Amino acid sequence: MTTDLLDEASVCSYRAAMHKAVDTLADHLGTVKKPYAGRSPQTLDAEVDSIDLDRPLNSTGAALTEIRDLYLENAVWFHSRGYAAHLNCPVLVPALAAEVLVSGVNSSLDTWDQSSVATLIERRLVRWTAERIGFGASADGLFTSGGTQSNLQGLLLARESALEKNDVPNCSRVENLARMRVLASDQAHFSVATSAHTLGLSPEAVIAVPSDREGRMRPDALTAELDAVRRRGDVVMAIVATAGTTDLGAIDPLKRCAEAANTAGTWLHVDAAYGCGLLNSRRRFLLDGIERADSVTIDFHKSFFQPISSSVLVVQNASTLRRIAHHADYLNPRQHSVPNQVDKSLQTTRRFDALKLWMSLRTLGAHELGRLFDEVIDLAHKVWEEFATDPELRFFDQPQMSTILLRYAPDGLDEQIVERLVAEVHADLFADGRALVAKTRIRGQAWLKLTLLNPNSQTTDVAMILEHVRAAGRARLGQQDSSCANSVPASSTGEFAGAAL
Ligand SMILES: *Cc1c(COP(=O)(O)O)cnc(C)c1O
């Protein structure tokens, strides 16, 4: 008999352990002064290695204290005002409450007899999302682990649809697959390419359609590529439009993409992993045309402020999902009369991640979620207005969503040095830990990237990040040119307060 498993006999120790875990995190949040402690991978590797996994501590409390020092002390904190690196958001409290139930009950959303009402709750949320997109009553979908998996499944459905349509006699499935092409902009997420690879398409399958200066797919270039594919006798399996590119937040011209897909008789997948938050926002019009997609990727764990993992693939037409259904006698035999989500999923055992969105909607409502996303877009615009003419920083362009691309580039600095400074400043900031930014390349040029996803951040918080960028840039320049050696300002030591919960 053990009381280490959750059941009616262990409710006391369960309560104690859960409260202790919450207290450990809540207490620690008050001490977080910067997004990263700045320790090196080598240092942390040694700390992780030093723990003897074969000598248990025999108490959850002791294990929590140990992991606080190892994990919480060295985590990267997305809620910190100094964090502006990747597409990670601070998470909603009601969603965290849902996580307790999700892992405690541990429903598995594969079959009805492992989930019951949880399956219905997930289905209701899929319908809710489909309505926001503008899909009709025949829409369907399911929760996935993230945008990568949603994109993979969207393209899998596109592949099956194309194979069905282009069923050329005397042509094997392998030969057909070799002719399949996917058109996505040169700014599309890399998971489009990895999906094509996973789906057995040829290495040349994904064609990068040129984008305009803002990073949006050029409709004329799309038409030209569609013609070129047809002339070569290949088959366009899908057009992938991105609604919010990872770097520039650009939204491809969705209506034009839908028209092109319609004319070509091909599948339109819209990757709205980042831009999905617009569905609830006062900027909903930016997504006009999304309702004409065959499939849509939504990442609730990006612009809906949900904890990882929470994503959904929504399809216009439920029957397309049936193409990938598989049936196992022990799980979901063909003649079943109950709702089984596993019929549509690439996963079998699957978390009840949908409950987090449910709790968020029931507590705050969709309007509030949209307002939070609007806040970060507004913030990006305010930062641009205030700093666009900064003498030391050069901005790529006006922000389109909530990312800001910039370089440390005081007048007259050689392009080669500016390039190198991007990598150096990025590395120096991470090693210091007070301000985290990302770096990327756009059309051969290196850029620092700020992704703003914290609705509690103010212009002054972003100003502080920019000051860290300037200070790091000056310090690096000073190492080459001693006349600049003392130019690191005292203000660069400013710390960020952790955001209040
Ligand atoms: C983040 C992102 C993805 C991948 O989503 P994950 O949830 O990280 O798997 C796909 N597409 C776009 C445009 C993204 O920004």
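Numbers at a glance
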quantity: Whole-Å semi-axes of segment 310-436's equivalent ellipsoid (Cα gyration tensor); calculated: 48, 20, 15
quantity: Computed over segment 144-229, the ratio Rg/Rh where both radii use C-alpha atoms and Rh is Kirkwood; calculated: 1.00
quantity: Probe 1.4 Å, protein heavy atoms only - accessible area per residue of the chain in square angstrom; calculated: 46 Å²
quantity: Trypsin sites (Lys or Arg not before Pro) restricted to DSSP loop in segment 276-364 with at most 15 other C-beta within 10 Å; calculated: R282, R323, R334
quantity: Förster radius 51 Å - calculated FRET efficiency between V174 and L413 (Cβ-Cβ, nearest 0.05); calculated: 0.45
quantity: Viscosity 0.692 mPa s, temperature 37 °C, Stokes-Einstein D of the chain from Kirkwood C-alpha radius, µm²/s; calculated: 132 µm²/s
quantity: Amide H partners (placed H, <5 Å) of T403, local residues excluded; calculated: L452
quantity: Relative compactness, segment 196-296, computed as alpha-carbon Rg over 2.2 N^0.38 Å; calculated: 1.07
quantity: Theoretical FRET efficiency, 1/(1+(r/R0)^6), r = Cβ-Cβ of Y71 and N166, R0 56 Å, to 0.05; calculated: 0.65
quantity: Cβ-Cβ FRET estimate between D288 and T60, R0 fixed at 60 Å, reported to 0.05; calculated: 0.75
quantity: DSSP bridge orientation in the chain - percent antiparallel, rounded to nearest 5; calculated: 55 percent
quantity: Computed [θ] at 222 nm, deg cm²/dmol, the chain (DSSP H ≥ 4; -39,500 (n - 2.57); rounded to nearest 500); calculated: -13500 deg cm²/dmol
quantity: Unit charges at the beta carbon, dipole of the chain: most positive-side option, W77, A224, L279; calculated: A224
quantity: Point-to-point label distance, R231-A431, nm (Cα→Cβ direction, 7 Å offset); calculated: 5.2 nm
quantity: Potential extension, A318-A423 segment - 0.36 nm per residue separation minus Cα distance; calculated: 33.2 nm
quantity: Pairwise label distance in nanometres, T2 with Q42, each label 7 Å out on the Cα-Cβ vector; calculated: 4.0 nm
quantity: Under the Karplus curve 6.51 cos²θ - 1.76 cosθ + 1.60, θ = phi - 60°, whole-Hz ³J(HN,Hα) for segment 186-196, x wherever Gly or Pro sits; calculated: 5, 9, 5, 5, 5, 5, 5, 5, 5, 5, 4
quantity: The chain - percent of accessible surface contributed by carbon and sulfur, probe 1.4 Å; calculated: 52 percent
quantity: Relative pair counts by distance (%), Cα atoms of segment 1-159, 5 Å bins; calculated: 1, 6, 10, 13, 15, 15, 14, 12, 8, 4, 1, 0
quantity: Farthest toward positive dipole pole in segment 317-456 [+1 Lys/Arg, -1 Asp/Glu at C-beta], among Q347, A380, L453; calculated: Q347
quantity: Positive-pole candidate from I298, A409, A325, dipole of segment 274-420, charges at beta carbon; calculated: A325
quantity: Label-point separation, W384 to L101 (7 Å along Cα→Cβ), nm; calculated: 4.0 nm
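The values are calculated or read from the model by the stated rules, or taken from the named source; none is laboratory data. Remember, it's a predicted structure, so these values are computed and weren't measured experimentally. Note that each Cβ is placed from the backbone with ideal geometry, even for glycine, and that neighbours are counted across all protein chains shown. Surface accessibility is based on the protein's heavy atoms, side chains included, excluding ligands, DNA and RNA. Shrake-Rupley method; radii C 1.70, N 1.55, O 1.52, S 1.80 Å.
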